[in-house]
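> Below is the structure I would like to discuss, written out as structure tokens.
The values are calculated or read from the model by the stated rules, or taken from the named source; none is laboratory data. If you're wondering where the values come from, they're calculated on a predicted model, not measured in any experiment. Glycine gets a Cβ as well: all are built from the backbone with ideal geometry, and neighbour counts include every protein chain shown.
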Amino acid sequence: MKLPAALRLSPEWAPYVFLSPFVVLFAVFGVFPLGFSLYLAFQSWEPTSGLSAMEFVGFDNYVFALKDEWFWKSLKNTAWLAIASGVPQHVVAIPLAYFIHSSFKTLRNGVVGAYFMPYITSTVAIAILFSSLFSTDYGLINVGINMLAQVPVLSWFLPANPVDWLNDPASIKPAIAMIVFWRYVGFNVVLYLAALQTIPADIYEAATMDGAGRLQQFFYITLPSLKPMIFFGVTLSVIGGLQLFEEPFILTGGRGGSDQSGMTTAIYLYRMAFDFNDFGAASAMSWLLFVVVVVLTWLTNRAFRPRGPSA
Amino acid sequence: MRERIQRGRLRRRSPWLCLSLCLFMLSVPSVQAQQSLIVAAYPAVDEIVKSALPAWKRLHPNVEVKVVSRQFTDHHTAMTTALSTSFYLPDVMALEVGYVGRFAQGGGLDDLSKPPYDIKRFESRWVPYALQQATNRKGAIVAAPTDIGPGTLLYRTDVLAKAGVSEADLTQSWEGYVATGAKIKAATGSYLMAHARDMKDILIRTGIQPGEGLYFDSQSNVLVTSPRFVRAFELARKVRQGKLDARVGAWSNEWSEGFKRGTIATQMTGAWLAGHMNNWLAPSTRGLWRAAPLPERAFAAYGGTFFAIPRATPAANKPLAWEFIQLMTLDRNVQLSAFKTQDAFPALLETYDDPFFDQPIEFLGGQVARVGWRDAARRISAVTVHKQDAFADEVINTELDKVLDRNKDIATALADAQRLLQQRAHR
């Protein structure tokens, strides 16, 4: 049954109609918040007074953010966490992917699936469970450390008293880093596994025939071939690490922990808005964070940029 | 033929036409009479509101009350968002005392001291300090108090007996409280308190001068280097140095385990904690706890709930919203019912002669504790709130942690806090 002529669209409109669901959602939930946040960064706003209470203050919020001790503290925390969780992710994922690639045939999918599971599990569920595991007196992690500390040689390296993971400023950061590492190492394994499969097997055969050992093949064939994927993975880790929010938020109960040692910039700007009711400064901080992310991504790009034809 | 068919069509349609016309005519008067009021709350205030609905129905049978309930933090975040955008605003919102200060500074809540509310005529009917808590710097009263949290000292009578100390040893003075804690630790191994922070929290609330807030005065000058802060920090440090605190945060697993196992001997808190302990925190310890006044005759409030009307609520709903608030806060039966079922200590003074106060509390071993709480409630003095109170809270807690964990000098810590707070005092 044909629609009446008035309601029919010409086929020229088809691409736009098919794109429109995404475009509309993106505009509403992506572009508008970005624009509003940029606008808000130049306003002083007492949120509970309503939208009409905004007052233009120019760069005041940016100046305040740049002078704020806690903002710099949160950037330091974020950098520490990004490096401490990001570097092991790749350093462990690459050899692991190589190992899985070369050693597992039938069990490969199961093993990769097991490593990938943390990535697809809800962050909030993970963080809540880890809060229990990290409990000082009743958590399994401290129980495990205690048991290992009974072993003579290991006792030199392990702490004698239960570690106060969640309340001690010094240990909250490693706790968060552990969870983030555990969550993303499987994702990186999958990425590297995919990249490994693109390396032709004959290069390895030629190298074996030339007398190269496994280790030499790894360093001189595998790693250079993985460079594009490493670039991709590191970029994702940089961006994700700088925007770290969920794991530290749940683990510290939304407050950033003792001495704000688990407070990442994302948590701080959220708290600025909803706990301290300063939306203007929060927006300014989010744009400053954006600048940091852009700069670091650009640096990553330069570090991994494929060299000219001479390579 | 066509005519007959058309007439037939009309006849077939006519019963439906008739029915729909009838329904429309029936619905018109009910659309005019049926109003609804939206009340936003959090547990357990939502239960209190729901149990007051039968009383409301008797007053206004045509006005339906919808209770929108969210978890505590989510509720206040949702209220912040609703006030900032004027969308999805409830007609009445419940606010916890910690948030009233923040919301009071903006213009988002209606000033109840102005006509047609004129809340000041009811001032004498409530506990004196409660209405003060909802008053902002400009003198506007933004909310009505419904329940309060008179501060009390809950202690384990069995642990004290084992250590050979009495309640009087605890409550004589703050120094005596700490010294008794050392005896308890030595004799039983139990900690005096959950965290040294609790000590600081109560001590900074003692000795506040009139017109002063907790951290800022009425001119937004920072007060954190004043003597009450120094004393608070010194005693908290003493508690930590004597290893008298369990170093567990409130509401954590370790905290509730501490109550269950008797490793935390005392807790300074609002009277409502006894109810929580009885219901789910540590019901197995029934009969082992007692309530005492806070040491050195200190009086402070821990918690409290208020009801407010957003300014942007439709004007037609405001009279009903105000009537609802009056029902919740000024009706003796509603206040007592909330007290009996949810442990919400009433702000309404008229309830204080009810025989319920003289009844023994089973959880506290039959102690008639409510009388003491009632007495304390009347003597709590109000503390003016400041927009940056939440931030100041955090800064002071951080500095205290540094003093306790890293041996930071108290004067330096308070000076650092002063500097941080001064940057934001006027934002």
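> Across segment A:158-175, which residue is farthest from the other protein chains (Cβ to nearest Cβ) among those that are touching a Phe, Trp or Tyr at 6+ places or on another chain (Cβ under 9 Å) and in contact (Cβ under 8 Å) with a residue 40 or more places away in the chain?
A:Pro174
> It is to be established whether one or more residues within segment A:46-59 are loosely packed, with under 12 Cβ neighbours inside 10 Å, of a type in the set (Asp, Glu) and closer than 30 Å to B:Arg311 by Cβ.
Yes - at least one qualifying residue is present in segment A:46-59.
> Among A:Phe36, A:Phe18, which is at negative phi, surrounded by fewer than 17 Cβ atoms within 10 Å (Cβ to Cβ), part of a helix (DSSP H, G or I) and within 14 Å of another protein chain (Cβ to nearest Cβ)?
When all the criteria are applied, what remains is A:Phe36.
> Moving to a separate point now. Limited to segment B:399-427, what total is found for residues that are farther than 24 Å from A:Lys67 by Cβ, charged (D, E, K, R) and in a helix (DSSP H, G or I)?
Qualifying residue count, segment B:399-427: 2.
> If we scan segment A:100-111, do we find a residue that is under 21 Å from A:Pro174 (Cα atoms), among the polar types (S, T, N, Q) and either surrounded by 12 or more Cβ atoms within 10 Å (Cβ to Cβ) or touching a Pro at 6+ places or on another chain (Cβ under 8 Å) (or both)?
no
> Have a look at B:Leu109, B:Leu160, B:Leu153 and point out the one that is more than 19 Å from the chain's Cα centre (by Cα), crowded, with 20+ Cβ neighbours inside 10 Å and among the hydrophobic types (A, V, I, L, M, F, W, C).
When all the criteria are applied, what remains is B:Leu160.
> Restricting segment A:235-259 to residues that are under 26 Å from B:Asp405 (Cβ atoms), charged (D, E, K, R) and not in a loop (DSSP other than H, G, I, E, B), which is nearest to the other protein chains (Cβ to nearest Cβ)?
Looking at the filtered set, the residue picked out is A:Asp259.
> So which of A:Gly30, A:Gly58, A:Gly50 is over 30 Å from A:Met178 (Cβ atoms) and within 14 Å of chain B (Cβ to nearest Cβ)?
A:Gly50
> Quickly run through segment B:370-391 and pick out the residues that are over 30 Å from B:Thr351 (Cβ atoms) and within 10 Å of chain A (Cβ to nearest Cβ).
Result: B:Lys387, B:Gln388, B:Ala390, B:Phe391.
> Scan segment B:227-254 for residues that are within 14 Å of chain A (Cβ to nearest Cβ), surrounded by 18 or more Cβ atoms within 10 Å (Cβ to Cβ) and either among the aliphatic types (A, V, I, L, M) or touching a residue at least 24 places away in the same chain (Cβ under 8 Å) (or both) and jot them down.
Selection gives B:Arg240, B:Asp245, B:Ala246, B:Arg247, B:Val248.
> Is it the case that B:Ala392 is in contact with a Phe, Trp or Tyr (Cβ under 6 Å, 6 or more places away or on another chain), crowded, with 17+ Cβ neighbours inside 10 Å and not in a helix (DSSP H, G or I)?
So B:Ala392 does not fit the description; no.
> Among the helices (runs of 4 or more DSSP H) contained in segment B:225-283, which hold 1 or more residues that are over 21 Å from the mean Cα position of the chain (by Cα)?
Of the helices (runs of 4 or more DSSP H) lying wholly inside segment B:225-283, those with at least 1 residues that are over 21 Å from the mean Cα position of the chain (by Cα) span B:227-241, B:253-261.
> Considering only segment B:50-156, give the helices (runs of 4 or more DSSP H) lying wholly within it that have at least 3 residues that are of a type in the set (Ser, Thr, Tyr) and either within 27 Å of B:Phe391 (Cβ to Cβ) or not assigned by TED's automatic domain parsing to the domain that holds B:Met199 (or both).
B:72-85
> Then there is this: Test A:Val180 against the stated conditions and say whether it is in contact with an Asp or Glu (Cβ under 6 Å, 6 or more places away or on another chain) and either farther than 21 Å from A:Phe134 by Cα or in a helix (DSSP H, G or I) (or both).
Here the answer is yes, as A:Val180 does meet what is asked.
> Do we find a residue being within 14 Å of chain A (Cβ to nearest Cβ) and either under 30 Å from B:Phe363 (Cα atoms) or of a type in the set (A, V, I, L, M) (or both) anywhere in segment B:114-129?
No, segment B:114-129 contains no residue that is within 14 Å of chain A (Cβ to nearest Cβ) and either under 30 Å from B:Phe363 (Cα atoms) or of a type in the set (A, V, I, L, M) (or both).
> Just to be sure I understand the filter: pairs with C-beta atoms under 8 Å, separated by 6 or more residues or on different chains, first member in segment A:68-91 and touching a residue at least 60 places away in the same chain (Cβ under 8 Å) and among the basic types (Lys, Arg), second member buried (at least 21 other Cβ atoms within 10 Å of the Cβ) and assigned to a helix (DSSP H, G or I). Which pairs pass?
Short answer, once both residue conditions are applied: A:Lys73/A:Gln260.
> Looking only at residues that are of a type outside the set (Gly, Ala, Ser) and either more than 20 Å from the chain's Cα centre (by Cα) or within 13 Å of another protein chain (Cβ to nearest Cβ) (or both) in segment A:65-79, which one is surrounded by the fewest Cβ atoms within 10 Å (Cβ to Cβ)?
A:Lys67
> Which residue, of A:Ile179, A:Ile199, is in contact (Cβ under 8 Å) with a residue 12 or more places away in the chain, within 27 Å of A:Leu96 (Cα to Cα), surrounded by fewer than 20 Cβ atoms within 10 Å (Cβ to Cβ) and aliphatic (A, V, I, L, M)?
A:Ile199
> Additional query: Test of understanding: among A:Gly262, A:Gly280, which residue is within 14 Å of chain B (Cβ to nearest Cβ), more than 27 Å from A:Arg108 (Cα to Cα), in contact with a helix residue (DSSP H, G or I) (Cβ under 9 Å, 6 or more places away or on another chain) and not in a helix (DSSP H, G or I)?
Residue meeting the stated conditions: A:Gly262.
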